[in-house]
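Here, each number is a calculation from the coordinates, and none is a lab measurement. For clarity, every value in this text was computed on a predicted model and none was experimentally measured. Cβ sites come from the backbone with ideal geometry, for glycine too, and all protein chains shown count toward neighbours.
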Amino acid sequence: MEGFTLIKLTGIDNKEFILNADVIERIDELPQSVITLTNTRKYIVTETAEEILEKVIEFRRKILCPDYLK
């Protein structure tokens, strides 16, 4: 899936899934994190909003700046 920002998250059922972070519209903490996508679909995950942001940044850094971590 070249060109997509894919991150691994954990649903409230403790099952991991991969999400295309490019379609995240907003993240609310209620106290669980509720991710709303641009198509209005929602996912409730165990990660905090900060952890989700860190995953997106880490993934993009690996793709856009591969020498950053060396």
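At-a-glance table
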item	result
Within the chain, helix-based [θ] at 222 nm, where runs of 4 or more DSSP H residues each add -39,500 (n - 2.57), nearest 500	-7500 deg cm²/dmol
Charge sum, other residues only, whose C-beta stays under 11 Å from residue 47's C-beta, Lys/Arg counted +1 and Asp/Glu -1	-3
Cβ charges +1 (Lys, Arg) and -1 (Asp, Glu), total dipole of segment 2-70, debye	180 debye
Among 44, 32, 65 the positive-end extreme of the charge dipole of the chain (Cβ point charges)	65
Mean separation of Cα contacts under 8 Å, 6 or more apart, over the residue count of the chain: relative contact order %	27 percent
FRET efficiency, 1/(1 + (r/R0)^6) with R0 22 Å, evaluated for residue 67 and residue 36 via beta carbons	0.05
Summed residue charge, Cβ within 12 Å of residue 36's Cβ, Lys/Arg positive, Asp/Glu negative	+1
GluC sites (Glu not before Pro) restricted to segment 1-66 and DSSP loop, no more than 13 other C-beta within 10 Å	2
Chymotrypsin sites (Phe, Trp or Tyr not before Pro), loop per DSSP, at most 14 other Cβ atoms within 10 Å - longest free stretch of the chain	5-67
